[in-house]
Amino acid sequence: MDYKPIMDHGRSSYGVPNPGYLPSAEGPSAMFAPPAPDSQGPSAPPASMFDNMPGYEGTVAGGGGGFLPPPMPTHPTPQPQPGSEQPQWNIPSISEATAREAFALWVSSKCCYSSAPVKDGVITNMEAFNTYRYRLETFTESRSTEWSHEPYKGQPVDAYAQPPPGPWDIPATAPSYFTDSQQIIKVPYTSSMKSCHVCMGMGRTPCKDCTGAGNKVCWVCNGAGFRHGNERCNHCFGRGRENCHFCHGQGFKQCPTCHGKQQLLVYINLTVKWTNNSDNYVVEQCSGLDLDNLSQVSGKEVFRDSQYLVYPVMGFPDPAVVNAAQRLISEHQGRFSQTSRILQQRQTIELIPVTKVTYSWKGKTHIYFVYGNEFKVNADNYPATCCCTVM
Ligand SMILES: [Zn+2]
Ligand SMILES: [Zn+2]
Ligand SMILES: [Zn+2]
């Protein structure tokens, strides 16, 4: 049933898959999204805090760092090759007993429905409207960088010890294919120690609750020291002020940015993101069953093909599937090859069984649908939706 398309490297005008990627001659250049005006809070570090790192010139601080397009591969990438053999496509259908059973189960799940149409209805016709779902998954890796900092606690400082490796030369541990994941890596040889910009290297910031005074107006006597004429305030003992609870009367708090360390380690973070980009196409079937229903069920997998770049499925009996494969593969190529590195693609075709059952009950004709591997039932016009009124 499944077939493994044959990769003929000799015949291919290109080389082997997964070449060693090296930076292009110009060196990696970053494509940066325009900075959002409020993306950096008031405590954003000044640009002067960041050293000039070769290969990371456009890196900025804060979220939404620039996406780095992958360098051109030094070896030509392999082109997808069509499979040499075609699988046998066979179309299953369900039996009358299966349809009846599924229908009975569906009715029993509806608390008020009468089972009379199921028991007494006579199936007059069963028609297969089986359809196909084509799915293309493109598993990509993308990389972006941003300046970051953390309290300095004696971490190694290595900026300028040697030039940092290019963003696409840093090894990252890829998860298993087709699984979303993310890894954040401190770029080697970009770490330096800087005085904390938030506390100016003091390690502490004035308490916001007492504006640095260490005490504030007594909330009980409102600063008078007396209540009810000349009775002394027993909350502040006549002082009119009380100690600030937030800073324990000190007037300052530990700097939240450097955690009191006065110094920051400033470095470039590389974010490596693995994404499974999946798109579906379901062939329209003219049974009257809404296509949306089919997203809830699975089908029988009749074709699976996974490789670095897939080739549009050929010779499939339904031309709509062939067209969808061509369209989606070309779309994914255009969408993902510029901004990320495609690691693997997978295309699958599922056959989703859809059976339209016509039955007669009390002299009238009704229909229901049984669909999916799960034998899900849809019967929008069930004739006995309230058991109380049916004799
Ligand atoms: Zn305070
Ligand atoms: Zn008081
Ligand atoms: Zn600080």
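Bear in mind that the values in this text are calculations on the coordinates, not laboratory data. The structure displayed is predicted, hence computed values, not measured ones. As a convention, Cβ positions derive from the backbone with ideal geometry for all residues, glycine included, and neighbour counts pool all protein chains shown.
Scanning segment 102-139 for residues that are touching a strand residue (DSSP E or B) at 6+ places or on another chain (Cβ under 8 Å) and either under 30 Å from Ile268 (Cβ atoms) or assigned to a loop (DSSP other than H, G, I, E, B) (or both) turns up Gly121, Phe129, Asn130, Thr138, Phe139. Scanning segment 224-234 for residues that are within 60 Å of the chain's Cα centre (by Cα) and either within 16 Å of ligand 1 (Cβ to nearest atom) or loosely packed, with under 13 Cβ neighbours inside 10 Å (or both) yields one hit, Asn234. Only residues that are of a type in the set (Ser, Thr, Tyr) and within 16 Å of ligand 2 (Cβ to nearest atom) were counted across segment 204-214, and they come to 0. For Gln263, the conditions (1) more than 32 Å from the chain's Cα centre (by Cα); (2) more than 16 Å from ligand 3 (Cβ to nearest atom); (3) polar (S, T, N, Q) all hold with the exception of (2).
Cβ-Cβ distances below 6 Å connect the following pairs, each with a first residue in segment 228-248 that is farther than 12 Å from Val217 by Cα, a second residue that is within 8 Å of ligand 2 (Cβ to nearest atom) and outside any strand (DSSP E or B), and a separation of six or more residues or different chains: Arg232/Gly238; Cys233/Val220; Cys233/Cys221; Cys233/Gly225.
For segment 204-219, the condition holds for no residue, the condition being that it is acidic (Asp, Glu), within 16 Å of ligand 1 (Cβ to nearest atom) and buried (at least 16 other Cβ atoms within 10 Å of the Cβ). Of the strands (runs of 3 or more DSSP E) lying entirely inside segment 215-332, those carrying at least 3 residues that are within 16 Å of ligand 2 (Cβ to nearest atom) are 215-217, 241-243. Gly363 meets all of the listed conditions (1) under 24 Å from Glu137 (Cα atoms); (2) without any contact (Cβ under 8 Å) to a residue 12 or more places away in the chain but one, namely (1).
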